[in-house]
Structures are given as structure tokens and as C-alpha cells.
């Protein structure tokens with residue numbers, strides 16, 4: 001987290017709120033016009049800092065999502081392990097079937 | 001029973017069934033906490049809804065920021081690309097979507113692991129093996145009684161199910177901190193509140209709409225009584241739209257935090273009310289779309305009246 005950037009945005013927003021309040025109390029039209037321009041300037045900076053903050057946080061999000069991808073890999077391995085267990089059981093059945101056939105053949109030969 | 005076990009063929013049969021039975025009985029006695037597959041499915045659906053809701057929310061925010069900059073840019077000496085930089089740029093939004101899709105892929109994998117078809121396959125293999133052992137051991141019980149072999153197969157299926165569920169639960173608990181980490185980071189990107197500090201997308205929206213309100217307040221001061229009625233309407237409309245815009249982002253944030261809680265609950269075998277989270281998300285998406293339409297209509301009106 002870029003705390004400095006967050007604090008900058010927070011300070012800008014608070015300044016914006018104070019200026020808006022000041023604008024309400026001002027009677028001089030010229031000063032009001034200047035204050036309104038300042039409000040727009042501050043708003044533009046709140047937006048710019050917000051955009052940079054969002055981009056920076058999204059990079060951190062990328063790193064955190066990588067951990068979830070590792071978890072998914074582990075689950076996929078568990079799925080493959082289950083399939084391997086099934087394959088092993090089928091292989092043992094197949095092997096026993098082969099042994100049974102061999103025993104039957106041996107029995108026939110003995111007759 | 002003891003006579004039955006003394007028969008060599010039946011001992012073989014018992015050796016097949018005993019470990020399976022032991023696992024099922026242990027589960028019944030101890031009380032195995034299991035992960036509900038439907039719950040994981042609903043969680044995945046909610047993530048997909050959050051993905052859609054995010055797209056709508058970021059689009060609405062970007063259009064708002066773009067519109068609000070027109071007056072500010074008009075006062076600048078030159079027009080620069082950076083002046084029209086959106087609140088959430090496409091690369092960052094792509095990362096956001098990739099994170100949500102990583103979570104969807106994770107949920108899908110858990111669902112596959114918990115799928116009854118996988119354990120049914122193991123059950124069929126256990127049935128096949130028990131029949132073959134019956135033949136090899138010359139056990140008439142297993143050879144003649146297909147129902148018994150089928151029962152052993154079903155038992156194998158239940159054991160496989162329990163094993164898959166236990167594994168799913170273990171892996172979900174292991175991943176819980178990472179899943180929550182992603183969802184909490186997303187929530188902080190929308191709005192981070194720490195003591196007196198507030199930062200993120202929400203303060204940007206508030207400052208943008210509050211500037212619009214201040215401009216209308218100024219127009220009201222200098223307007224004639226006849227002009228004031230229209231300004232009051234625009235002011236009320238701007239207030240309502242500010243609240244709807246911030247409400248949409250806060251709703252998305254609440255949805256993401258609910259998903260973090262729901263993951264922990266599902267991993268611990270607790271059933272939560274995910275369906276209501278999804279329904280709320282659907283309503284928020286519709287609300288977000290209405291906001292975008294309103295912004296576009298206003299822009300079209302402004303453009304028709306001449307570029308400011």
C-alpha cells in the first residue's frame with residue numbers, strides 16, 4: 001500500500017471540502033469565481049492521484065492473485081491424484097484378470 | 001460371523017471391505033465437516049457477477065471523470081493525452097479482471113474435485129477390483145452375489161467422496177488467506193478507510209460530483225428567479241446521481257467482502273446465504289448501467305448545445 005499517495009488524495013479531498021464551504025460563505029463574485037476554479041483544479045488532482053493509486057494497487061493485486069493460481073494448481077493435482085487412484089485400481093483388476101486366465105489355462109493343461 | 005471370517009475366500013472379501021468400512025464409520029462417529037459443492041458453485045457464480053458489476057462500475061466512473069474534466073481541460077494552454085487519463089486505466093482494469101478470473105478458475109477446480117462423477121469412477125473401479133478378487137480367491141459370495149460387489153463399489157465411492165471432500169477442505173483452508181487477500185485488496189482499491197484517512201475510487205467520485213454541485217450552487221446565486229427552478233432540478237438530480245454512483249461502488253465493495261467471508265465459511269463447511277449476495281449484485285449491475293445511460297444522455301445533450 002502506498003500510504004503517501006493515499007494521504008495525498010485524502011488531503012486533497014479534505015481541502016476540496018473546506019474550499020467548498022469557504023465558497024458558500026464568500027460574497028465577492030470575483031473571489032467566488034477564483035475559488036470555483038481552485039475547486040476544479042483540486043478535483044482534477046484528486047482524480048489524477050486516484051488513477052495512479054488504482055494502477056499501483058492493481059500491480060499489488062496481480063501479485064496476490066498469483067498465490068490463488070498456486071492454490072488452483074494444488075487442487076488440479078488432487079484431481080489428477082484421484083484419477084491416478086482409479087487408474088491404479090483398474091490396472092490391478094486387469095492384472096488379476098490376466099492371472100486368473102493363466103491359472104485357468106494351467107488347470108486345463110493339468111487335466 | 002466368525003465362521004464366515006474363517007473361510008479363506010471370505011477372509012479375502014473381508015480384507016477388501018474392512019478398510020472402506022472403517023473410513024465410513026470413522027466419519028460417521030467423528031462427524032466429518034464437508035465442503036458443500038453447491039456452495040462453491042454459488043460462490044463462483046457470485047464472482048462472475050462481481051466481474052460484470054466491476055466492468056459496469058469502472059465504465060461509469062471513467063465516463064464521469066471524463067465528463068468532469070472538460071471544463072478543466074478547456075482552461076489549460078494545450079490538450080494532452082494525460083489530461084484525459086481515466087480514473088481506472090485499461091491495464092489496471094485488466095489486472096482486476098484477471099484476479100477475479102483467477103478466483104473463478106480456483107472455484108471451478110474445487111467443484112471438479114468435489115464432482116460426484118469422479119468418486120463414482122473410483123467406486124466403479126473398486127467394484128471391478130472386488131469382483132476380480134472374488135474370482136481370484138474363488139469366493140462364491142462375491143462371484144455369485146453381484147449386489148454385494150455393487151455395495152462394495154458404492155462404499156468405495158463414498159470413501160473416495162470423503163477423501164476428495166477432505167482434500168478440498170484442506171486445500172480451501174490452506175488457500176483461505178490468499179483468497180481473502182485478493183478480495184480485501186480489491187475492496188481497499190475501491191475505498192480504504194483507516195482511522196481518519198479515506199482513499200480510493202469512492203473519494204474520486206465524491207469530489208467529482210461535489211465540484212458539479214458547487215458549480216450549480218454558484219449558478220443559482222447569479223440566476224434570476226425564473227432560471228432558478230431549472231437549476232434546483234439539476235442540483236437535485238446531481239445529488240441523487242452522486243449518491244447512486246458512490247452507492248454502486250460501495251455495493252461492489254460490500255459484495256467482495258461478503259465473498260471473502262463466504263469463502264472461509266464454505267471451507268469450514270458452513271452454509272451461508274450466497275444466493276442473496278448474487279441477487280444484490282445483479283440489482284447493482286442494473287443500477288450501474290442506468291448511471292452510464294444517464295451520463296451518456298447528459299453528454300449528448302451538452303454536445304447538442306455546443307462544446308463547452
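Since every read-out is calculated from the coordinates, none of them should be taken as a lab result. Here the structure is a predicted model, which means the values were calculated and not measured. When we count neighbours, we look across all protein chains shown, and the Cβ atoms used for this are built from the backbone with ideal geometry, even at glycine.
Pick from A:36, A:88, A:98: which residue has the top mean-square fluctuation in a GNM of chain A where Cα pairs under 10 Å get a spring?
A:98
To make sure I understand, if each residue's beta carbon is the centre and we count other beta carbons within 10 Å, what order do B:301, A:77 fall in, fewest to most? Provide the component values of the computation, followed by the final result.
Values: B:301 9, A:77 13.
Fewest-to-most ranking of B:301, A:77: B:301, A:77.
In peptide B:104-112, what is the residue-averaged number of other protein chain Cβ atoms found within 10 Å of each Cβ?
Partner Cβ neighbours, averaged per residue: 5.
Using 0.36 nm per residue of separation minus the Cα-Cα distance, give me the extension gain between residue A:106 and residue A:30 in nm, one decimal. It would help to have the intermediate numbers written out before the result.
Working: separation 76, 0.36 × 76 = 27.36 nm, distance 11.26 nm.
Extra length from residue A:106 to residue A:30 when fully extended: 16.1 nm.
Determine which residues of region B:252-271 fall in the zone a paramagnetic label at residue B:286 would reach in this model, i.e. backbone nitrogen under 12 Å from the point 7 Å along Cα→Cβ.
No residues fall inside that zone.
Using Cβ contacts closer than 10 Å as the measure, can you line up A:58, B:55 from fewest to most? Write down the numbers at each step before the final one.
Values: A:58 22, B:55 16.
Lowest to highest Cβ neighbour count: B:55, A:58.
So, R0 is 41 Å and r is the distance between the beta-carbons of residue B:243 and residue B:173; what FRET efficiency does that work out to, to 0.05?
About 0.55, to the nearest 0.05.
Exposure proxy check: B:261, B:222, B:61, B:211 ranked by fewest other beta carbons within 10 Å?
B:222, B:261, B:211, B:61
Can you give the helix-only mean residue ellipticity at 222 nm for chain A, where every DSSP H stretch with n ≥ 4 adds -39500 (n - 2.57) and the sum goes over all residues, rounded to the nearest 500 deg cm²/dmol? Could the numbers behind the result be given before it?
Details: 2 runs with 105 residues, N = 111.
Calculated from helices alone, the mean residue ellipticity at 222 nm is -35500 deg cm²/dmol.
Taking just the alpha carbons, could you work out the radius of gyration and Dmax for region B:199-297, both in angstroms?
Every Cα atom of region B:199-297 included, Rg and Dmax give 18.9, 66 Å.
What is the projected area of the convex hull of the Cα atoms of the protein assembly as shown, averaged over all directions, in nm²?
So the Cα hull casts an average projection of 29.3 nm².
Could you pull the Rg and Dmax for region B:169-242, using just the Cα atoms, both in Å?
When restricted to Cα atoms, region B:169-242 yields Rg and Dmax of 21.0, 70 Å.
Please compute the Cα-Cα pair-distance distribution of region A:21-111 with 5 Å bins starting at 0, giving whole percents from short to long.
Each 5 Å bin holds this share of Cα pairs: 3, 10, 8, 7, 6, 6, 6, 5, 5, 5, 5, 4, 4, 4, 4, 3, 3, 3, 2, 2, 2, 1, 1, 1, 0.
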